[in-house]
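Trainee: Here it is, the structure, as structure tokens.
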Amino acid sequence: MKEKILHRLESVTKDSNEGSSEDSEDSAESSIDNDDVIRALLQSPTREETRSHEMGSSDVSGSSSDADDVEEDNAGSANTKKGVLVEDEEYKVQHATLQTFKEYARAVGYGWVVALVLLDMLQQTVERGSGVSLTRWTDDPQLGNLTALPADSEQRARLNNYYLAVYAGFGLIHAVSTLVFKLTQEMRQVVVARVLHNRMLSRVLRAPMRFFDTTPVGRIVSRFSSDLYIMDTELSDTMAWAVNSVIGIVSKMAIICYITPFFVLLIFPIAAVFYYVQVVYVPTMRQLERFQSKVRSTIYSFFSETLGGAAVVRAYGVQQRFMVEFQRRLDLSSSARFAWACCGQWLNVRMESMGTVVVGAVVVSAVTLRDTMTAGMVGLAVSVALDMTETVRHMVRMVSWVQTDIVSVDRVKEYSEMTVEADWRRGETTPKASWPEHGEIEINDLALRYREGLDLVLKGINVHIKAGEKVGIVGRTGAGKSSLTLALFRLVEPARGTVRIDDLDTNDLGLHDLRSRLTILPQDPVIFAGSLRMNLDPFTHYKDAEVWESLKYAHLSDFVSGLKDQLDHECGEGGENLSVGQRQLVCLARTLLHKTRVLVLDEATAAVDMETDDLIQRTIRSQFTHCTVLTIAHRLNTVIDYDKILVLDKGQVVEFDSPGQLMDDPHSVFHHMVKKAGLLAKKPS
């Protein structure tokens, strides 16, 4: 059944995803011609090839081959991961595993789990007991004999009050146990959510940079939003309902078997049929729900991308094409929803049929044993049998939901156990408060790769930079300039070699101790939503006078003075209410406040105009005379008067000398770069 329902949906979605991927590749290859880029971006996927292999990465596969799909998926990803920057998300759990349930139970607390199960059993026992008490009340021979006990007799009233008190007592106990159960469940649910969230958050915040390079932001947000939402609001309830249904079925079967012993012979055949229905329904429904989620995400992505490129769509007059594509995706989502609804009706038909069989068996048993059964007992057995049909259907659905929702626990667990960066602090190698005092940098045989299995991007770098030297780092795209910066801050751990600053090996330091003693002015300015002062001094280490002084040297004091709230001026997310140049100057002011001996400029002026570039360069030359400055330059004129020039190519040092010496050598790589830029006349004296 699953294969018939899912196969067509699987092939269409996979082809759509592959088509979108190929469109992206086409657009990248044709980036030289703008019209070709637009056409490639606007081209909608049309390939409709049918694939026979299972869809491992999207979890749309048959239950009998789920484990095989996972193994093939993992093998495939291992073979292709080397050449992929952004890794595809893999569903590692096809079936709910015992380990995942143990992880969730451990977060709840094993003792609390046992207590909740016992409370649930108490509820079911009391509920069945109330039914039995009502039966005994109905079948009481004294109450049925109006001759012996007239309707207005005191003894009849006492008996009725007794049975009423027993029935009310069961109801009161059931209400109290239900209240205690729900309060306990909700309180533990809050604790579990907090524990798992904090555990995942601490790991993500300490994740190595390669994790953020290979993981889309949307995927991380999904773990902290949808997965935690499911754990906060759905998983606990669905598990409670599933357990409640199982206990309810057992208790109801016990009641029926007690009243009609012949029903024991039908338990195993009925259980076998129910098990078969559950085996077919649960995996199918689970996969269909995941498939719906996957299809919905493609609709949201397409809608947001179309909205962002609405001007281009209108300019090329392809509105109709995009409307058709959106409708196609919407139809695919509706198809998945229809298949999901059909699956639910498939279950309903079979449950109702089995319910009819159960009720019929109870009635036949009651007729056969009519001489030994009372009317109350028959009524109780029939009512329980009628109710059991809905209970079984509810149990099957809850088991399906639990197996779907428990994947969120595994996804959160995956992030909670991932590899983190090196120690934040190392007590045995904590540097002095004044480190680095001079800013001397010595790099020995430094090699770097971004991930295991990838090629080296830095290959045996050997450089000695004296304290206070200004060094310009130049080279073609991909030469390793920014990689050298990553190695300096240990955003990527070196494959071999050392970086020593003032004779202290940075590999021996805690990451906080290292990074807090260095300063970087990146190409893309980092501005957070909040006050201007918070962005300049997030940890409130400096006085207002020092903040204003940094703004003065960053050429922002006049601008900030003219603002209504001055330092309390609210910056938008990413500095959206500031110009690009102003954002970079704010980052420069932050750098001036930090006052470290080592400053790294990673193409800090690449995105600003020439005037802002000139302001930044003048400030660096005047305010960082005591610092060692490493500048990754895209404009050679900004580093042509530096003390040294480091030329990199393919991850290796090609040249390292003063700019004057390199420009005098006609065979020098830097000489050719300067000549091509028309700057030979600006040779420093």
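The values are calculated or read from the model by the stated rules, or taken from the named source; none is laboratory data. Since we're looking at a predicted model, the values are computed, not measured. Glycine gets a Cβ as well: all are built from the backbone with ideal geometry, and neighbour counts include every protein chain shown.
Trainee: Can you find a residue in the range 227-236 that is loosely packed, with under 14 Cβ neighbours inside 10 Å and among the polar types (S, T, N, Q)?
Mentor: Yes.
Trainee: Being of a type in the set (S, T, N, Q) and either assigned by TED's automatic domain parsing to the domain that holds Leu134 or part of a loop (DSSP other than H, G, I, E, B) (or both) is the filter here, so list the residues in the range 362-382 that pass it.
Mentor: Of everything in the range 362-382, those that are of a type in the set (S, T, N, Q) and either assigned by TED's automatic domain parsing to the domain that holds Leu134 or part of a loop (DSSP other than H, G, I, E, B) (or both) turn out to be Thr372, Thr374.
Trainee: Which condition does Leu662 not pass, out of (1) within 40 Å of the chain's Cα centre (by Cα); (2) part of a helix (DSSP H, G or I), if it passes all the others?
Mentor: That leaves (1) as the condition not met.
Trainee: Restricting the search to the range 178-235, which residues are among the charged types (D, E, K, R), touching a residue at least 60 places away in the same chain (Cβ under 8 Å) and either in contact with a helix residue (DSSP H, G or I) (Cβ under 8 Å, 6 or more places away or on another chain) or assigned to a helix (DSSP H, G or I) (or both)?
Mentor: Residues of the range 178-235 that are among the charged types (D, E, K, R), as a first pass: 182, 186, 188, 194, 199, 203, 206, 210, 213, 219, 223, 227, 232, 234.
Filter again for touching a residue at least 60 places away in the same chain (Cβ under 8 Å), leaving 188, 199, 203, 206, 210, 213, 219, 223, 227, 234.
Residues satisfying the conditions are Arg188, Arg199, Arg203, Arg210, Asp213, Arg219, Arg223, Asp227, Glu234.
Trainee: Would you check if Ile640 is in contact with a Pro (Cβ under 6 Å, 6 or more places away or on another chain) and crowded, with 20+ Cβ neighbours inside 10 Å? Don't jump to the end; show me each part of the working.
Mentor: Values: in contact with a Pro (Cβ under 6 Å, 6 or more places away or on another chain): yes; crowded, with 20+ Cβ neighbours inside 10 Å: yes.
Considered against the rule, which asks whether it is in contact with a Pro (Cβ under 6 Å, 6 or more places away or on another chain) and crowded, with 20+ Cβ neighbours inside 10 Å, Ile640 comes out as yes.
Trainee: Hey, any hits in the range 313-332 for a residue that's surrounded by 15 or more Cβ atoms within 10 Å (Cβ to Cβ) and small (Gly, Ala, Ser)?
Mentor: no
Trainee: Taking the range 484-504 on its own, how many of its residues are surrounded by fewer than 20 Cβ atoms within 10 Å (Cβ to Cβ), part of a strand (DSSP E or B) and of a type in the set (A, V, I, L, M)?
Mentor: Of the residues in that region, 1 qualify.
Trainee: Do you know which of the residues in the range 444-458 that are outside any loop (DSSP other than H, G, I, E, B) and surrounded by 18 or more Cβ atoms within 10 Å (Cβ to Cβ) is farthest from the chain's Cα centre (by Cα)?
Mentor: Taking the range 444-458 and keeping what is outside any loop (DSSP other than H, G, I, E, B), we get 444-448, 458.
The next check asks that each one be surrounded by 18 or more Cβ atoms within 10 Å (Cβ to Cβ); those that pass are 446, 448, 458.
Numbers: Leu446: 34, Leu448: 28, Leu458: 32 Å.
Out of the qualifying residues, it is Leu446.
Trainee: On to the next question. Condition test on Ala589, is it surrounded by 14 or more Cβ atoms within 10 Å (Cβ to Cβ), of a type in the set (A, V, I, L, M, F, W, C), under 24 Å from Leu488 (Cα atoms) and within 34 Å of the chain's Cα centre (by Cα)?
Mentor: no
Trainee: Tell me which of these His438 doesn't satisfy, since it passes every other one: (1) surrounded by fewer than 16 Cβ atoms within 10 Å (Cβ to Cβ); (2) in a loop (DSSP other than H, G, I, E, B).
Mentor: His438 satisfies all of (1) surrounded by fewer than 16 Cβ atoms within 10 Å (Cβ to Cβ); (2) in a loop (DSSP other than H, G, I, E, B) except (1).
Trainee: Given the criterion of a type in the set (Gly, Ala, Ser) and over 20 Å from Val117 (Cβ atoms), identify the matching residue among Ser236, Ser202.
Mentor: Checking each option against the conditions leaves just Ser202.
Trainee: Of the residues in the range 532-573, how many are surrounded by fewer than 11 Cβ atoms within 10 Å (Cβ to Cβ) and farther than 21 Å from Gln623 by Cβ?
Mentor: Of the residues in the range 532-573, 5 are surrounded by fewer than 11 Cβ atoms within 10 Å (Cβ to Cβ) and farther than 21 Å from Gln623 by Cβ.
Trainee: Hey, among Asp505, Asp544, which residue is assigned by TED's automatic domain parsing to the domain that holds Ala589, free of Cβ contacts under 8 Å to residues at least 24 places away in the same chain, in contact with a helix residue (DSSP H, G or I) (Cβ under 9 Å, 6 or more places away or on another chain) and not aliphatic (A, V, I, L, M)?
Mentor: Step by step, each of Asp505, Asp544 is checked, and only Asp544 is assigned by TED's automatic domain parsing to the domain that holds Ala589, free of Cβ contacts under 8 Å to residues at least 24 places away in the same chain, in contact with a helix residue (DSSP H, G or I) (Cβ under 9 Å, 6 or more places away or on another chain) and not aliphatic (A, V, I, L, M).
Trainee: For the range 512-521, name all the residues that are surrounded by 19 or more Cβ atoms within 10 Å (Cβ to Cβ), under 24 Å from Ala604 (Cβ atoms) and in contact (Cβ under 8 Å) with a residue 60 or more places away in the chain. Show your work before the answer.
Mentor: Taking the range 512-521 and keeping what is surrounded by 19 or more Cβ atoms within 10 Å (Cβ to Cβ), we get 513-514, 517-521.
Now narrow it down to the ones that are under 24 Å from Ala604 (Cβ atoms): 514, 517-521.
Result: Arg517, Leu518, Thr519, Ile520, Leu521.
Trainee: Please tell me if Val349 is outside the structural domain of Ala107 (by TED's automatic domain parsing) and either of a type in the set (Ser, Thr, Tyr) or part of a helix (DSSP H, G or I) (or both).
Mentor: Judged against the criteria, Val349 is a match.
Trainee: Additional query: Quick check: is even one residue across the range 522-531 surrounded by fewer than 18 Cβ atoms within 10 Å (Cβ to Cβ), in contact (Cβ under 8 Å) with a residue 60 or more places away in the chain and touching a Lys or Arg at 6+ places or on another chain (Cβ under 6 Å)?
Mentor: If we filter the range 522-531 for residues that are surrounded by fewer than 18 Cβ atoms within 10 Å (Cβ to Cβ), which is where we start, we get 522-524, 526, 528-531.
Remaining after also requiring in contact (Cβ under 8 Å) with a residue 60 or more places away in the chain: 522-524, 526.
Within this subset, residues satisfying the condition of being touching a Lys or Arg at 6+ places or on another chain (Cβ under 6 Å) are none.
No, because not a single residue in the range 522-531 is surrounded by fewer than 18 Cβ atoms within 10 Å (Cβ to Cβ), in contact (Cβ under 8 Å) with a residue 60 or more places away in the chain and touching a Lys or Arg at 6+ places or on another chain (Cβ under 6 Å).
Trainee: For Arg496, state whether it is within 19 Å of Thr596 (Cα to Cα) and within 37 Å of the chain's Cα centre (by Cα).
Mentor: When the stated conditions are applied, Arg496 does not pass them.
Trainee: Would you check which residues across the range 162-196 are crowded, with 17+ Cβ neighbours inside 10 Å and within 18 Å of the chain's Cα centre (by Cα) and list them?
Mentor: Val192, Ala193, Leu196
Trainee: If we scan the range 415-429, do we find a residue that is surrounded by 16 or more Cβ atoms within 10 Å (Cβ to Cβ) and more than 30 Å from Ile632 (Cβ to Cβ)?
Mentor: yes
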